[in-house]
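Here's the structure, in structure tokens; my notes come after.
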């Protein structure tokens, strides 16, 4: 990876892209520490660490680089844009107009869908900003805390500041995608997660020497495991029949249909964590509910019941995303139209059934992989108390490793396009 970055830096055009990406990330990190007016940041941060860290808001806080717990301008982070993208992606399947734009609209259709996604992002930012403000006022009334200044004008300023911040983050991500290196949304998530490394190192040094060794070995093994699965894929052999057109013979070549083991990426983990954290979030809204046995042994993120439910939800969302991404019938029909077939299976329903069988097996293996990565920090935290303070989550590790690999591949592709000499040496 370091050698790839060094080679890319020696190419002027790629160097400009890297500098531009770093500059955008710098602007984002500056906005991440600018507080929204009319909010007592210190009181909110203390209350967040003591009560809300195990709720769904803790996930938002990790994805925003601790900006959510400090009520900064970019507190909502990239979440409104991610949620809007998911909503539009699901609606593309349900609404025929959006489906036509996605499949037959070409470049103009993609632009329209991107425009609809931006408008949806602004709407979700406004809704989430209002929900954030309502949450602060409810905490004041329930716990007697002085967090936010009352009144219509302060409330309007707070909500609009959160909304404008989410729109700004969306724009920064699009600038990285267009003029920088890699996917802008992924790069912003990457920057948010690695910003917590200094605090994690301080907490790690507070542990005993043998715990530090175990944690470092476990993290190295986890990263290698994620890299191995990230590149793993099942290749279904495809053969195309020969066609004679005039005096020329077309087809006859052999290829394959690659199906990645981690076909759904980190999305099942994010959705499963959001669903499983909802009960703890509800308990956090009601005074006294976070102190009972039921919360500690059932809804807490360190309980075994939570871990088991978490694992089941990962399985469900892995299957759900596989049904969205892969349609065996459509794949079979496309192969049949192009004269392709899977050796040993007749075109049509037998081919679709075989592809569905392969996908089902891969979904099971991919879900087990995501479940292991997501539950390892929980298991380690129950076995060693100090691990809980490291803020290591399976979601965070998968995102960091995945984005790093994607960025390296993007740099390699850019250098190969420019025929960089010595790159393959």
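For region 64-74, residues that are surrounded by fewer than 22 Cβ atoms within 10 Å (Cβ to Cβ) and at pLDDT below 85 total 1.
If you check 77, 129, 109, 125 for being assigned to a loop (DSSP other than H, G, I, E, B) and either surrounded by 15 or more Cβ atoms within 10 Å (Cβ to Cβ) or in contact with a strand residue (DSSP E or B) (Cβ under 8 Å, 6 or more places away or on another chain) (or both), only one passes: 77.
When residue 114 is tested against (1) within 21 Å of residue 35 (Cβ to Cβ); (2) free of Cβ contacts under 8 Å to residues at least 12 places away in the same chain, only condition (1) is not met.
Listed here are the residues, each with its yes/no results for (1) over 16 Å from the mean Cα position of the chain (by Cα); (2) under 17 Å from residue 14 (Cβ atoms); (3) in a helix (DSSP H, G or I); (4) modelled with pLDDT under 85.
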residue: 364; (1), (2), (3), (4): yes, no, yes, no
residue: 368; (1), (2), (3), (4): yes, no, yes, no
residue: 371; (1), (2), (3), (4): no, no, yes, no
residue: 387; (1), (2), (3), (4): yes, no, yes, yes
residue: 398; (1), (2), (3), (4): no, no, yes, yes
residue: 408; (1), (2), (3), (4): yes, yes, yes, yes
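Within region 1-40, the set of residues being out of contact with any strand residue (DSSP E or B) (no Cβ under 8 Å at 6 or more places or on another chain), closer than 30 Å to residue 150 by Cβ and in contact (Cβ under 8 Å) with a residue 24 or more places away in the chain comprises just one member, 37.
Given the structure, is residue 417 modelled with pLDDT under 80 and surrounded by fewer than 16 Cβ atoms within 10 Å (Cβ to Cβ)?
Taking the combined requirement at face value, the residue satisfies it.
For region 1-19, the tally of residues that are loosely packed, with under 11 Cβ neighbours inside 10 Å and in contact with a helix residue (DSSP H, G or I) (Cβ under 7 Å, 6 or more places away or on another chain) stands at 1.
Comparison of 176, 193 shows that the only residue that is at pLDDT below 85, assigned to a helix (DSSP H, G or I) and crowded, with 17+ Cβ neighbours inside 10 Å is 193.
The listed residues are 147, 93, 82, and the only one of them that is within 24 Å of residue 25 (Cα to Cα) and either surrounded by 12 or more Cβ atoms within 10 Å (Cβ to Cβ) or under 19 Å from the mean Cα position of the chain (by Cα) (or both) turns out to be 82.
Across region 33-43, the number of residues qualifying as part of a helix (DSSP H, G or I) and within 8 Å of residue 71 (Cα to Cα) comes to 1.
Residues considered: 314, 355. Of these, the only one that is out of contact with any strand residue (DSSP E or B) (no Cβ under 6 Å at 6 or more places or on another chain), part of a helix (DSSP H, G or I), under 19 Å from residue 59 (Cα atoms) and modelled with pLDDT of 85 or more is 314.
From the list 166, 186, pick out the single residue that is assigned by TED's automatic domain parsing to the domain that holds residue 122, in a helix (DSSP H, G or I) and closer than 26 Å to residue 372 by Cα. Within the list 166, 186, the selection yields 186.
Return a yes/no flag: does region 168-176 have any residue that is closer than 30 Å to residue 148 by Cα, over 16 Å from the mean Cα position of the chain (by Cα) and touching a residue at least 12 places away in the same chain (Cβ under 8 Å). Yes, region 168-176 contains a residue that is closer than 30 Å to residue 148 by Cα, over 16 Å from the mean Cα position of the chain (by Cα) and touching a residue at least 12 places away in the same chain (Cβ under 8 Å).
The values are calculated or read from the model by the stated rules, or taken from the named source; none is laboratory data. What you see is a predicted model, and the numbers here were worked out from it, not measured in a lab. Here Cβ is always computed from backbone atoms with ideal geometry, including for glycine, and neighbour counts include all displayed protein chains.
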